[in-house]
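Beneath this line is the structure, given in structure tokens, with notes to follow.
The values are calculated or read from the model by the stated rules, or taken from the named source; none is laboratory data. Predicted model, so just to flag it, every value in this text is computed and none were measured. No Cβ is skipped: glycine too gets one built from the backbone with ideal geometry, and neighbour counts run over all protein chains shown. For accessibility, only protein heavy atoms count, side chains too; no ligands or nucleic acids. Shrake-Rupley method; radii C 1.70, N 1.55, O 1.52, S 1.80 Å.
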Amino acid sequence: MTARPLIGISTYAESGVRWGVWRLDAALLPAGYPRLVQRAGGLAAMLPPDAPERAAATVARLDGLVVAGGPDVEPVHYGAEPDPRTGPPARARDAWELALIEAALDRGIPLLGICRGMQLLNVALGGTLVQHIDGHAETPGVFGHHPVKPVPGTLYADIAPEQTSVPTYHHQSVDRLGTGLIPSAYAEDGTVEAIELPGPAWVLGVQWHPEMGNDLRVMQALVKGIRGQSCRWGGTGGRWGSPRSSEAESGGTP
């Protein structure tokens, strides 16, 4: 049996979460994320916010990284003042996920950003965000659907060459693209719905929520990218051939 790649997923850190008789602080993630990883052939590991200096050691133990959806990115990270409609900051999560993205890009670990995760990928590479758009989160707490059209010749177009209806819930979007990024899908209103970083590593961001639908292709492509990267690295390094440090492989201090 082919081994399943270990894919880390960033999480929420919330206070006063209730389950059963308990009301406690919790690291949590909608179940759709790990289920999507599992259905696509991976093993899911939750990555709650931690000290940013631990991100590199964390990523070194992974085969792939998913930066999940969540709250608005604090505008200070892209040099803007907060719009009145921008949500409250999640500073610990911003710092942790930006460090995870930087570590994944530095090590060439396959990376998928979902919704907020796509926006953070853009910000990490020097891009900016539109702080409010209409029409992509119509009813609070309810996912909508709209079509996205791939850009021919891109990684995303290879994954889904046809126009596709996707589950969506966001009120912010990519504005100026970060260094090296290209758009790979658009909504009908011109909103950038997918971005990618051409190069040897597999890097993709999607503005929608594949974990809320039944189309496995984006996550399956991440798993395929992990296995393909193993071939490109010639089978050296960790389980999937990524260039991991000897400290990480020997279980050194994270």
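Taking the square root of 5 times each eigenvalue of the Cα gyration tensor, what semi-axes in Å does the equivalent ellipsoid of the chain have, largest first?
Values: eigenvalues 139, 101, 67 Å².
Here the semi-axes work out to 26, 22, 18 Å.
Before I look further, what does the chain give for accessible area per residue, probe 1.4 Å, in whole square angstrom? List each step's numbers first, then the result.
Details: 11830 Å² over 254 residues.
Spelled out: the 1.4 Å probe surface of the chain, per residue, equals 47 Å².
Rank 106, 215, 25 by mean-square fluctuation in a GNM of the chain with C-alpha springs under 10 angstrom and give only the top-ranked residue.
25
Under the rule a/c < 1.5 gives rounded, and otherwise a/b versus b/c splits prolate from oblate, where does segment 1-72 land using the Cα gyration tensor?
Cα axes put segment 1-72 in the oblate bin.
When the chain is modelled as a GNM with alpha-carbon springs shorter than 10 Å, which of 195, 133, 182 fluctuates the most?
133
Once you've got the GNM for the chain with C-alpha springs shorter than 10 Å, pick whichever of 209, 132, 170 has the biggest mean-square fluctuation.
Looking only at 209, 132, 170, the largest GNM fluctuation is found for 132.
What percentage of the solvent-accessible surface of the chain, computed with a 1.4 Å probe over protein heavy atoms, is contributed by carbon and sulfur atoms?
Working: 6500 of 11830 Å².
About 55 percent, which is the carbon plus sulfur part of the accessible surface.
Rounded to the nearest 5, what is the percent of antiparallel bridges among the DSSP beta bridges in the chain?
Antiparallel: roughly 60 percent of the beta bridges in the chain.
Could you pull out the trypsin sites (Lys or Arg not before Pro) across segment 72-177 that fall in loop regions by DSSP (anything but H, G, I, E, B) with no more than 11 other Cβ atoms inside 10 Å? Present the calculation step by step, with values, prior to reporting the outcome.
Details: sites: 85, 91, 93, 107, 116, 176; in loops: 85, 176.
Loop-located and lightly packed - 85.
Hey, what number do you get for the chain at 222 nm if only DSSP H runs of n ≥ 4 count, each worth -39500 (n - 2.57), divided across all residues, to the nearest 500?
On the way: 7 runs with 65 residues, N = 254.
One gets -7500 deg cm²/dmol as the mean residue ellipticity at 222 nm.
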